[in-house]
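Okay, structure first, notes after.
All of the numbers you see were taken from the coordinates with simple rules; none came from a lab. For clarity, every value in this text was computed on a predicted model and none was experimentally measured. So basically every Cβ, Gly included, is an ideal-geometry build from the backbone, and we count neighbours across all protein chains shown.
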Amino acid sequence: MSAPLTTHEVDVVLLGVGSGGELAASRLARAGLEVAAVESRLVGGECPFWGCTPSKLLIRSAHALAEARVAARLSGRVEVVEPSLAPAAGRIRESGHDWHDDAHAGPLVDTGVLLVRGRGRLDGPGRVRVETEDGPVLLVGRRGVVLNTGTSPGVPPVEGLAGTPYWTNREAVHLEEVPRSVAVLGGGNIGAELTQVLARMGTQVTLLEQGERILAGEEPEASAVVTQVFRDEGVDVRTGVSVDRVAHEAGRFLLDVDGGRLEVERLLVAAGRSPNIGDVGLETVGLDPEADAVEVDERCRAGERLWAVGDITGRGPFTHVSLYQGEIVVRDLLGEDGPWGEYHAVSRVTYTDPEVGSVGMTEAQAREEGIEVAVGTADVGSSSRGWIHEASGVVKVVADASSGVVVGATTVAPYGGEVLGLLSTAVHARLTVPVLTRMHLAYPTFHRVIGSALRDTGL
């Protein structure tokens, strides 16, 4: 006999509790609203448990190894460095509370949020049906539902792949020991970051990218710098290749790549992310479950009594975008004034060494928008700070030639994500190149290279 349906009526229902959903649930509850939050996995989502924090802990450890290896040449005698993942693995378990979400779920419950554990689906406007261990629950949101279901690792349709014990980023952050060899399938930001981590830890890495270059969403100049650094560090970077078949035999992966055979101990699939929207009941609210994203307006409204935040909106698969949208939803639900959503200055960072920081449009995107562009570049390595650090990198600025307004920029440098700050402000505030070139940029700093790139635009 099936359990009876339990119904709860509240002001707002959160379906999925990633970064943006967690923020929205907490703030709405603190504002006095009745809030229910539905989560089938870990409250807090991808970022604290498998994404942002764990990956950066791995990256920090790998960077420290790289520094140790050049210390002998720069600083004197250094004993032999023995790579180990154990310290990073311990810090990851500590940061994620051994993959328990009490540190995220507890504060929500303390604010009065009704936390419902189970798989939820939309069941019409303002309604979410949840299958829990204790039976079905129907949550009715008087004001509506906020959708924050996130993404999952994408898996390409390669013959034989599905039946093998491949890794995604989620398995990678659980590593205690590094493999002797690995093939990384996909050269986007996740694939690039983990490639460098494993290579610096002593793994022989083959990076396989179907496109003509890695980091395809970034400027070609950024891809070129990172590719050369990887090759200098011993990574076998192969672009423009096709993986036709994967098999797993006798503890080894066998990959058919462009007519050849690649044999490795492990396979890491880093082929993008897939939005978790195909089975959340979008059809019950008049939306297409086969769409690439849930379209939202400036208030993050997606439909009748429905809001959406985070990766599923297609506005940028970044925690900072999810948090930004969570704040917008809170203001809208509380009847407050804006500001509402603007996405012309979304920033992003790929945490390789050197880091790749970007904001706004690339040169190609600006041209596609019909903008007559003025482009300036500068070599980080030829700057004073770059020479001191023996750094590789480039700064690129993309401006509207008619107005002088900076519409996009890229910084490839040590601490490139931090160097990006000035240019993020410029794109957000729609500042012009002449205004920026009048600034005093401290000497010698990496961000001083920005001045050289600005002058190179000729504006």
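Would you mind pulling out the separation of the Cα centroids of region 369-433 and region 99-138, in Å?
Taking the Cα centre of each part, region 369-433 and region 99-138 sit 44 Å apart.
What whole-number value in cubic angstrom gives the convex hull volume per residue for the C-alpha atoms of region 77-142?
Hull volume over Cα atoms, normalised by residue count, gives 170 Å³.
Fewest Cβ neighbours within 10 Å first, please rank ILE328, ILE59, ILE214 accordingly.
By the 10 Å Cβ count, ascending: ILE59, ILE328, ILE214.
Give a quick list of GluC sites (Glu not before Pro) in region 299-365 that DSSP marks as loop, anything other than H, G, I, E or B, with at most 13 other Cβ atoms within 10 Å. Intermediate values should be presented prior to the final figure.
On the way: sites: GLU304, GLU327, GLU336, GLU342, GLU355, GLU363; in loops: GLU304, GLU336, GLU342.
The qualifying sites are GLU304, GLU336, GLU342.
Write out the cysteines belonging to the chain for which the nearest other cysteine Cβ is not under 4.7 Å, or none if no such cysteine exists.
If one checks each Cβ against the other cysteines of the chain, CYS300 turn up with nothing under 4.7 Å.
With viscosity set to 1.306 mPa s at 10 °C, what whole-number translational diffusion coefficient in µm²/s follows for the chain from Stokes-Einstein and a Kirkwood radius over Cα pairs? The partial results should precede the final answer.
Details: Rh = 23.9 Å.
The estimated diffusion coefficient comes to 66 µm²/s.
Go through region 12-23 residue by residue and turn each phi into a ³J(HN,Hα) via Karplus (6.51, -1.76, 1.60, θ = phi - 60°); whole Hz please, and just put x for glycine and proline.
Result, ordered by residue: 9, 10, 9, 9, x, 10, x, 4, x, x, 4, 4 Hz.
Can you work out the Karplus-derived ³J(HN,Hα) for every residue in region 327-344? Use 6.51 cos²θ - 1.76 cosθ + 1.60 with θ = phi - 60°, whole Hz, and x for glycine or proline.
5, 5, 4, 4, 4, 5, 5, 8, x, 8, 6, x, x, 9, x, 10, 10, 7
Report, as a whole number in µm² per second, the diffusion coefficient that Stokes-Einstein gives for region 153-271 at 37 °C and 0.692 mPa s using the Kirkwood radius over alpha carbon pairs. Numbers along the way, then the final one.
On the way: Rh = 14.2 Å.
Result for D is 231 µm²/s.
Between GLU295 and ARG73, 0.36 nm times their residue separation minus their Cα-Cα distance comes to what?
74.6 nm
In whole angstrom, and with the biggest value first, how far do the Cα coordinates of region 347-456 range along each principal axis?
Extents along the principal axes, in whole Å: 39, 28, 20.
So which trypsin sites (Lys or Arg not before Pro) in region 76-158 end up in coil per DSSP with only 10 or fewer other C-beta atoms within 10 Å?
When the trypsin sites (Lys or Arg not before Pro) of region 76-158 are filtered for loop state and at most 10 Cβ neighbours within 10 Å, ARG77 remain.
Determine the relative contact order of the chain: mean sequence separation of Cα pairs under 8 Å and six or more apart, normalised by residue count, in whole percent.
Relative contact order, the chain: 14 percent.
With a cap of 15 neighbouring Cβ atoms within 10 Å, and only residues DSSP puts in a loop, list the GluC sites (Glu not before Pro) found in region 172-228.
Sparse-neighbourhood loop GluC sites (Glu not before Pro): GLU176, GLU177, GLU212.
Around ASP11, which amide H atoms from residues at least 5 apart in sequence, or from another chain, sit under 5 Å from its own amide H, with H modelled in the peptide plane?
The answer is GLU34, VAL35, ARG142.
What net charge do the residues around VAL375 carry, taking every other residue with its C-beta under 14 Å from that of VAL375, with Lys and Arg at +1 and Asp and Glu at -1?
-3
What list of ³J(HN,Hα) values in whole Hz, one per residue of region 50-62 in order, does the Karplus curve 6.51 cos²θ - 1.76 cosθ + 1.60 (θ = phi - 60°) give from phi, with Gly and Pro shown as x?
Once θ is set to phi - 60°, the couplings for region 50-62 become 10, x, 3, 5, x, 5, 6, 5, 4, 5, 4, 5, 5 Hz.
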